[in-house]
Each structure stands twice: as structure tokens, then as C-alpha cells.
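See structure below.
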Amino acid sequence: MGSIVVERAVLSGEVEISGAKNSALPLLAAALLTEEEIVLHKVPVLSDVETMIDILRTTGKKVIFEKETNTIRISGPILHTHVPYDLVRKMRASFNVLGPIAALMGEASTPLPGGCAIGVRPVDFHIDGLKRIGFEVNYDHGEILAKRGTKLEEVTVYLPFPSVGATEHVMSAAAILPGITIIENAAMEPEIVDLQDLLNKMGAKISGAGTSKIVIEGVKKLHGCEHTVIPDRIEAGTYAIALLVTGGEGLLKNVNPSHLDALWFVLEKTGAIIKKGSDFVEVKSWNRWKACDVNVLPYPGFPTDLQPQIIVYLSLADGTSTVTENVFKTRFAHVGELVRMGADMRIMENTVFINGVNKLQGTTVMGTDLRATAALVVAGLAAEGTTEVTQVEHIFRGYENVVNKFERLGAKIKYIPGGVPEI
Ligand code: EPZ
């Protein structure tokens, strides 16, 4: 695995935000529900998107990814209903193709996804949801087999936790199953609304996305359409924090500011200056920012995917902050690496207690997952001296053109494939 090496820099300028990874992935899974052509615009060129494309091609779908225009065209019938282990192992979101394939073809099988650095990542809510809408689900040596069965005319799927993936999985499968499906305690993320918009453009009858109750009236057949992926709110939040934590200022373009209200609330509370436009946000740091307590929650709460990044920002704040993680309670692999950079923080159960310090010191740190690796690069930009982030390929899963985008903001940043040669 390679490294990114960064120097201390005050960032400034403009950054164009890409389409949302966490919207593109469920939209690609939903494209399985019709043989007609689905055209998706503003699809980010990311390794996770490439993995999902590989999965669609494994099922027999024709997929053309015009990377220079960020456009994907998907069409054709499903010919194979099994998804291989090596692809599901690479990206757990691929599990979400199980329901759509089984709903359309009668049956499907995928490996049981594993955990990752941010937690065990079970899929029990997905399985229970599929069973509630009539699927027979069995396990066989690490594989999950789903068979379409008879669905009640009206059924309610109650999610014990507003799981993004489980909400998307049930929504997509139920779209072409007869009768009414109601999802209670549904996730309310903007990516759920984007999925509802695509499915309805395909002829589905879904309402309520963005609230905790989603109603799906099954239709017999879905058709092709065109759709543009919403902006990536997590990428936008990451660059906003990078601009502020280096003491700089900048303009984020292609943003839906309302998708990040919880972040703007925290940043303004610390003293940052935030100006929101229709599709852009200007951020400006102002003196030494103040400490702040953050409670990570499902949307519209503070997003867990910005938790590592806000911890970096608060590690340099004036005062003591706490960050409590209520979504992935052990998502703290980055904390130990930040302490190695001179941060003063400690974990107590699912809360990090942070005493702001005056500076972080550059050193070699290791990336463990997508958002932790992004946070360590941001920390390196704010730290004195040079920082090398190893195992850095995680970041290419979720940040399009990340080295180039940081360079254009004034960062001294270099990607070294295969890591820095041993001296
Ligand atoms: C989605 O993951 C995102 N990934 C994650 O982003 C994001 O952190 C997460 O939602 C929360 O917002 C994609 O959209 C591809 P969940 P997902 O189901 O769907 C528990 C990133 O960095 N749970 O909402 O897997 C689960 O363990 C990634 O871009 C069960 O117990 O998250 C967690 O504690 C990381 N059983 C909580 O629910 C289940 O069946 C929320 O998980 C499902 C989930």
C-alpha cells in the first residue's frame, strides 16, 4: 500500500465537490431492477464505484463508465444471480444487490459481508427486512441465499436502528413486489431521498424518503431513465474542515448546504465564519477556534462519516471538547494516530475527551479506513513539519481526485505508490 506525504500549509481557494459515493452505490444497485438503460451523471471516479461496477458486470449487466464526463450507462438483463466473495469482501455495500436481484429473478446469493475497521457491521436488519417482505433467506457456508416468496398485501418493516443500508435495501427490493411496504424508523439521509427520486423516475411509487416513515407501493415493472447524483456532503464537510483547521478560507462548489446543517452548527459554534449559498458554501477561519461538544447521530444529526475529521479540528481548539459516537461506537482507530501527532485526547467508552493543543507535529501515521485516512491527511496539513500517511489507498475509496483537489487549495501533497522507500 502507498503513502501520501503532506507538509504544513494554510489552504485557500475553490474546490468542486463530486457526486456522492454513498448515493452512487445504492443507485447502481437499483439499476439492476430494469433491463432498460439507466444513465447516471456526476458519478465519482472512485475504487468503491469501480467495485460496484464489477459486481453489476458479474451479473451480466452491460456497464459503460465514461470517466471523463462522470457518466455511467447500465443496461441489459441479469444473467447470473450469484455475487462472488472477492467483490463483497472489498466493499460491504455490494451486499445490497441481493434484494433487487432476488426480487427480479426469483433468487440471488451473496457472501455474508465481513466487518471492517469501524465495526462489526452486521446485516441482521437487512435480513429481517427481506424476510418481512416475503423472502426466504438461508445461510450456507458463509453465503446468503434469498428466494422471493409470497408477500402480504400490506406489511410494515420496523428498523430497530435507522440503518441507511437496510432502508435502501428494503426500498429497492420492495419497489417491484406487490402490495404496500411501509418502513418505520427509516434512515432519513439525503442519499435515501436520492434513491427514492431515481426509483420513482424508473416508475416506482415511493413516498416519505427523508422522513422516518417510507411507503412503497409495488409496481410490476420499472423502466430506464436518467438521473444526476447528489453532491457528496461528506467530501464537502471534509474540505470545509481542512480549510478551517489550517487557518485558511475557501469556497466549496456543487454543494447542497442543507445536507450539512449539523456541521455548520458545530463550526459556527467554534467561531468559524460560514456563508451558505444555493449550491455553494464559503468557510473562513477566525482566530483560534473554540472547543465544542459533538454528538454523532443518524441524519439529521452530526454525521459519523465526519467524526474523525471534526476530532482533528477540535484537537487544535481552545479548550476541552467531547465527541460522542452513537452510530459506530468503536470508530476511533484514528485517535491513537492523532495522539502520536501530539494531540491530547482519550477514549472513554464511545466518547473522546479532547484537550485542545496549540500544535500537532508531523510524523508517520497509518490509515485504517476511508474517513480515518482522510482525517489523518487533514491533520498532516495542519501539523508542523512533514506527515506521511501510510496504507493510504483507503482514501481513494471515497475522495475523487483528492491529491489534485488538495494541491489546488495550496497543499504540498504527494502520493507515493507502494509507500516511501525504506532509507
Ligand atoms: C452507510 O453504511 C454508509 N455507507 C456509511 O459510510 C455510513 O457511515 C453509515 O451509512 C451511517 O451513516 C454507504 O452508504 C455505502 P448503517 P451502512 O446500516 O448502511 C448497525 C463511509 O465512510 N447495523 O446505517 O452500513 C451498524 O452496525 C461509510 O462512506 C446493524 O446492527 O450503515 C451501525 O452501528 C462508512 N445491523 C448502525 O446500524 C444491520 O443490519 C448504522 O449502520 C445494519 C446496521
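Here are the numbers for this structure:
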| read-out | value |
| --- | --- |
| Cα→Cβ-extended label distance, 7 Å offset, between Tyr158 and Asn200, nm | 2.7 |
| Gain on full stretching of the segment that runs from Cys116 to Arg89 - 0.36 nm per residue minus C-alpha separation | 8.8 nm |
| Simple Cβ-charge dipole of the chain, Lys/Arg +1 and Asp/Glu -1, about Cα centre, in debye nearest 20 | 160 |
| Peptides 252-265, 150-163, 182-195 ordered by average Cβ neighbours within 10 Å, highest first | 182-195, 252-265, 150-163 |
| Positive-end extreme of charge dipole, region 83-128 - chosen from Gly114, Asn96, Ile127 (charges on Cβ) | Gly114 |
| Relative contact order for region 60-136, counting Cα pairs under 8 Å that sit 6 or more residues apart, in percent | 21 |
| Region 113-221 - charge dipole about Cα centre, Lys and Arg +1 at Cβ, Asp and Glu -1, debye rounded to 20 | 340 |
| Diffusion constant of region 280-359 at 10 °C, which comes from Stokes-Einstein with the Kirkwood Cα-pair radius and 1.306 mPa s, µm²/s | 123 |
| Dipole magnitude (debye, nearest 20) for region 126-189, charges at Cβ of Lys, Arg, Asp, Glu | 160 |
| Entries of Lys269/Lys414; Lys284/Lys414; Lys61/Lys201; Lys276/Lys414 with Cα pairs more than 28 Å apart | Lys269/Lys414; Lys276/Lys414 |
| Ratio of the Cα radius of gyration of region 243-290 to 2.2 N^0.38 Å, where N counts its residues | 1.07 |
| For region 212-332, the fraction of alpha-carbon pairs in successive 10 Å shells from zero, as % | 12, 40, 28, 12, 6, 2 |
| Surrounding net charge for Arg8, when Lys and Arg each add one and Asp and Glu each subtract one, Cβ distance under 12 Å | 0 |
| Order by protection proxy (mean Cβ within 10 Å, highest first), peptides 234-243, 166-175, 377-386, 318-327 | 166-175, 234-243, 377-386, 318-327 |
| Spherically averaged projected area in nm², based on the convex hull that wraps the Cα atoms of the chain | 18.9 |
| Partner lysines for Lys151 [C-alpha distance under 22 Å; skip if fewer than 8 residues away on the same chain] | Lys131, Lys205, Lys213, Lys220, Lys221 |
| Kirkwood Rh and Cα Rg combined as Rg over Rh, evaluated for region 283-423 | 0.95 |
| Mean Cα-pair separation over length for the chain, i.e. relative contact order, pairs under 8 Å, 6 or more apart, % | 21 |
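Laboratory data are not the source of any read-out in this text; all were calculated from the coordinates shown. The model shown is predicted, which means the values in this text are computed figures rather than measured ones. Note that we place each Cβ from the backbone using ideal geometry, even for glycine, and neighbour counts take in every protein chain shown.
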